[in-house]
Structure formats: structure tokens, C-alpha cells
Amino acid sequence: MDQDQGQERTQQVSDPDQAAAQLRTEIEEVRTELGDTVEALAAKTDVKARAHDKADELKRAASEKLSSAKPTGNGSGGAGAVTSGASSGLARIRTTARQNPVPTAALGALVGGFLIGRLTRREY
């Protein structure tokens, strides 16, 4: 609220008692608005509460996804959701391997060397 507006309002009222009552009402309104603003700022700066709220939100989203991926018992939907999830994961791995061929080749060489070592190991 602008200071000039408050002065204009009080000057418009000729009765001093009425002007004082009007000022008290305006002051109470400003205090209420200020209190609401302070509460909103306090909520935004409360990192622990915001983190807790975010964790609850993520838990709720994860449980919703889990319940939608569970088999329904009638043989439809659940297994398909798991299969499509696995195939999308495999597609993501393929894309990553194609984008990063050197680390993929190094990992393949490591796994291949390990398997060859295990197969050709001598038993004493």
C-alpha cells in the first residue's frame, strides 16, 4: 500500500474518531498481509521440511509406478509391463554403448579376459 493512499483516505474523512478507526482497520489489514508473507517466506526457507515433502512426493510416485507394474493375477498387463521395461532398458544400454564405443570395448575386453581365465584355469 502506498503512503499517499493512506493519507488521502484519512483526509477524506472529516470526523477524527472515524479517521482513527479507519486507520486501525487499515493497519490490521497490513499486519495480516505481512504475517501471511512472513509465513510464506519461512516455508520457502525451511529446507528440511521442503526436502521431507519432496521425499514424500517421490515415495508416492514410486509406489504408484510399482503398483502399476505388478502382475494383476489374470495374466494380462503385469508381465507385459515388466517385459517392456526390460526391453527399454536394453535399448538404453545399446544407445549408450554406441555413443561410447571405447569404454564399451574396454569393458568387453575385461569380461572376455575374465571368462577366458576362468575357462583355462588349471586345477591342482
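FYI, it's all coordinate maths here, none of it is from the lab. What you are looking at is a predicted structure, and each value in this text was computed from that prediction instead of being measured. Cβ coordinates were reconstructed from backbone atoms using ideal geometry, including for glycine residues, and neighbour counts include every protein chain displayed.
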Could you tell me the calculated FRET efficiency between GLN18 and ALA49, based on Cβ-Cβ distance and R0 = 41 angstrom, to the nearest 0.05? 0.40
Taking 0.36 nm per residue of separation between VAL102 and PHE114 and subtracting their Cα-Cα distance, the length gained on full extension comes to 2.5 nm
Two pseudo-spin positions, 7 Å from Cα along C-beta at SER68 and at ILE93, lie apart in nanometres by 2.5 nm
